[in-house]
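Report on the following structure.
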Amino acid sequence: MATHKVGGEVDALCTRCKLTLAHTILAMVGTKIARVRCNTCGGDHAYRAAPGATDRPSSSTTRTPRSSSSSSSSASAKAEKVIISFEEQLAGKDVANAPRYSPKDTYKVDQVIQHPTFGTGYVSAVRGDKVDITFRTDTKTLVHGRGGGPVEKPVFNPPNRQVTGPADKPLPVSDSAEPAPADGAEPPPASED
């Protein structure tokens, strides 16, 4: 290891630039570098060694194996974890008759879906109006059950009012309770009683 002095240069990870760059050493504690200044951005920060550079001894000489019953039980639990490939998941399913994905349709767990972008996948979880579909490369969360009749989903009907103009300009108040006819429309004939 080279000996460093205050005022000398060292490669370090700059916290502002997020890169390993040349730094000037500002402070040292014993033989260890404490603070540095980036020569690129001028930022002062604690010394962070460049990735891969370390003052610690190698882990093979100082590490001792632990013998604990809890660590051995967790290791056996990890060994029991079985990873099933995508092809094995689809093996017993009818892939040829898989429906094309539509957000209007409703899906259930283990149903095979044909998606136009992601390809063939199967429903791995259903959460309300969303489904997790596992495709060959990854799992996507998509919506389902968005279609249906007006009984299932309420339709928003805005109130029927005449156009009143901008909200910041009040309309003149008229004496009649009936709204004024639209431009180009004839007023209804008055009835004589």
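The values are calculated or read from the model by the stated rules, or taken from the named source; none is laboratory data. Bear in mind the structure is a predicted one, so any value in this text is a computation, not a measurement. We place every Cβ from the backbone using ideal geometry, glycine too, and count neighbours over all the protein chains shown.
Scanning the range 1-23 for residues that are free of Cβ contacts under 8 Å to residues at least 24 places away in the same chain and surrounded by 15 or more Cβ atoms within 10 Å (Cβ to Cβ) yields one hit, L21. For V95, the conditions (1) under 30 Å from F135 (Cβ atoms); (2) surrounded by 14 or more Cβ atoms within 10 Å (Cβ to Cβ); (3) modelled with pLDDT of 85 or more all hold with the exception of (2).
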